[in-house]
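The values are calculated or read from the model by the stated rules, or taken from the named source; none is laboratory data. As the structure is a prediction and not an experimental result, all values here were calculated from the model. Please note: Cβ atoms are built from the backbone with ideal geometry, for glycine as well, and neighbour counts cover all protein chains shown.
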Amino acid sequence: MGRSVVAMLLTAAAASSIAVTADDQCGVYLAESTQGRTLGSFAGKQFQQNEQVGSADAVVQVLDVREYNDHLTGTFDGAHLESFLGTCWSGDATAGMSEGHEVVSAVGGPCFSSVGHVGLINAVIYQPSTLLRTDEDLLASGYDELTSPGRGAFTAYHNLTLLSVDKIPPGMEIFLDFGAEYNQYENVDKPNIDDYIKMDEAIEKMVSFFDKHAEALGEKAATEVFEFMKKDVLDLTAEARAPAARSLLPETYHGLREIVEMGGSALHSMPEVQKSIEFLKSNGYCQDNIVSGVSSIEHAGRGAFAARPMRKGEVVAAMPLVALHEGRSALNMIEYEGGSEDDSEDDDGEKEERVGRVVVSEKFQLLLNYMLEHPESSTLFFPAGGVTPLINHGGKKANVKMIWSTKSWSNVKETRELRVEDLSQVGPIDMILELVATRPLNRGEEILMDYGDRWDRAFKEHVRQWEKTTADEKFVESALTQNNRHHNPENLSPFPLDNEQLENENLDLVCHLLYDEEKIERRRNEDGTRTKIYPWIPHPVAGASRLKTDIAIRGIHRTPCVILERTGDVDTGYKYLVEPAQMDDGPGLLVKNVPHYAIRYIDKPYTSPQNFGGAFRHPIAFPDKIFPQKWRNLKDGGSKDEL
């Protein structure tokens, strides 16, 4: 499994042209979830196990945002910031953990809009997809990170992929694995994933038993046997989890077969999780109308492209909005020197500003470039649509425009009447913009929207001043360029051994490692000790070897490593003996036969291009014609000028 899945993802990430599909059937829909008043994602077609679900998407890494805003802890504004961060993934899930001390990831598409359910997990964020991404197509287009004014202005993280862990039938809601904490392991009254798995196995055995013996036992005796199983047997075998397990059984043994026929106890308890395709076409939004590719616009990096032909007036993508109260302040990365913090409170019970300190540097998070802003409002909005963060500025060549959602299940009308201070408490389901085609779109055509005149002037000035701004900078190649050098199939280059020098001091080596603990060798060291050596195995996605809550899917197996030995060549393929970094003081271990594709360079913390203080930063204009009057809390309307 592992090699074929990884090969699929690497091929998709390295495609030299837009990976559009000839299948015009929408693969993933956005609609109201069956799990309450929130967004959900639904399969628009059949997905097999280990199949990519939806379009690979972009990730915007946000660095140390709580640290930069620690003065807001316990305040009104701090609560709004936490509300925004609650919609983000951790950097562990998206391979961005090395960017800073604490990294959160802003994502869109099904990775954003899908919900979780402990018994119905059918897809996961496949962490290797982003870690093992390649940028051959971007670099082949002529982009040079050492000279381009686009350096640090767009995210280097792409190819974020959902992968099915089970067959997903058409119309089924997509449920993600949010980890052990979400999966209620400590709550003995509600089933967790282990309860569902074990009880489904038990129910199948019960069906077999009653098929064979119910007639001979008679109705009364069979009922008594079933009650004995429900009470005494579960109390003995499930112990503290008996109440949760018992809740998955039917009232009588006659209902057991129905549970099996419906696909298990979770589906039996919630048959509404599967919608008809006709319902989704009428009530949902297609989430894979656009796909990622290299933009035709100079210095823009990647862009979004039509995956299928679309008519004028058709919804190209839906953009659920996530509000960030006092957004510019929250995304400002100010470094101070000296002074002290005043812990006193003002009349509103909020902490006073820090005093007596000097600002030594100031820049904005990369996320600012992906936010919508109106000059008369202090709130910024992240558009969390599928691949929509990659839509570039077209100005007069824009081929989509923003309008408010027309779906009856999205209460956008009520939301537009709220105070701007209350928007952080509104779910994205009630704050959706539609991107509508302003003319017919061809398959493979780049999608462009109008970022506004302020953005246009700011970027043109940034380009004009670039050589002057960077005259004294000594840029070095980042992991983006170095990984292409080592993984370019036309000029494959081996990774250096421990006694060989890395390409530059801003890089670290990481390996994506899993190993077979049952196949162990021991190597005797010169000091008489022995080192354990395990064979490398592919990253598991499903099956008996991995519960769906395995934290491996979140990147625990992405680890700094040292290469001790190298075998093979360009023709046969390189394999390595590596020593992973130890997380404790336990005995060392080595992993052998690590394939070339499982090794990558990463940028050391705070050294990637997005950390460059001279990188372009400017939000996207929220169109004035559709921006609600109630959200305009800045009187002058001109305090937020070009950066």
Original post:
Residues G116, G109, G86: which one is touching a Leu at 6+ places or on another chain (Cβ under 9 Å), within 30 Å of M172 (Cβ to Cβ), surrounded by fewer than 18 Cβ atoms within 10 Å (Cβ to Cβ) and among the small types (G, A, S)?
Top reply: G116
Subject >> Qualifying residue in segment 146-164 (condition: touching a residue at least 60 places away in the same chain (Cβ under 8 Å) and in a helix (DSSP H, G or I)) >> reply: no
Original post:
Pick from segment 215-265 the residues that are more than 24 Å from V188 (Cβ to Cβ), among the hydroxyl-bearing types (S, T, Y) and not in a loop (DSSP other than H, G, I, E, B): which of them is nearest to the chain's Cα centre (by Cα)?
Top reply: Y253
Subject >> Of all residues making up segment 65-78, the number that are of a type in the set (D, E) and either without any contact (Cβ under 8 Å) to a residue 24 or more places away in the chain or more than 16 Å from L324 (Cβ to Cβ) (or both) >> reply: 2
Subject >> Matching residues in segment 36-51 - criterion: being out of contact with any helix residue (DSSP H, G or I) (no Cβ under 7 Å at 6 or more places or on another chain) and farther than 19 Å from M431 by Cβ >> reply: A43, K45, Q46, F47, Q48, Q49, E51
Subject >> strands (runs of 3 or more DSSP E) contained entirely in segment 397-513, each with at least 3 residues that are assigned by TED's automatic domain parsing to the domain that holds V316 and within 29 Å of the chain's Cα centre (by Cα) >> reply: 400-404, 432-437
**OP:** Might you check whether a residue that is closer than 30 Å to N483 by Cα and surrounded by fewer than 15 Cβ atoms within 10 Å (Cβ to Cβ) occurs anywhere in segment 210-225?
**Re:** no
**OP:** Within segment 598-612, work out how many residues are surrounded by fewer than 21 Cβ atoms within 10 Å (Cβ to Cβ) and farther than 16 Å from G152 by Cβ.
**Re:** 0
Subject >> In segment 26-61, the residues that are assigned to a loop (DSSP other than H, G, I, E, B), within 23 Å of T94 (Cβ to Cβ) and of a type outside the set (S, T, N, Q) >> reply: G27, E51
Subject >> Count of segment 598-638 residues which are polar (S, T, N, Q), assigned to a loop (DSSP other than H, G, I, E, B) and more than 24 Å from the chain's Cα centre (by Cα) >> reply: 1
**OP:** Scan segment 62-91 residue by residue and report those that are β-branched (V, I, T) and part of a helix (DSSP H, G or I).
**Re:** V65
Original post:
Does segment 254-264 contain any residue that is under 27 Å from L162 (Cβ atoms) and in contact (Cβ under 8 Å) with a residue 40 or more places away in the chain?
Top reply: yes
Original post:
Within segment 564-578, is there a residue that is farther than 24 Å from R485 by Cα, outside any helix (DSSP H, G or I) and at pLDDT 85 or above?
Top reply: no
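From E173, E219, E181, E136, which residue is over 28 Å from I599 (Cβ atoms), modelled with pLDDT under 95 and charged (D, E, K, R)?
The unique qualifying residue is E181.
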**OP:** Among the numbered conditions (1) surrounded by fewer than 18 Cβ atoms within 10 Å (Cβ to Cβ); (2) touching a strand residue (DSSP E or B) at 6+ places or on another chain (Cβ under 8 Å), tell me where E173 comes up short.
**Re:** (1)
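Here is a list: E473, E446, E461. Which entry is over 17 Å from H596 (Cα atoms), surrounded by fewer than 17 Cβ atoms within 10 Å (Cβ to Cβ), at pLDDT 95 or above and of a type in the set (D, E)?
E461
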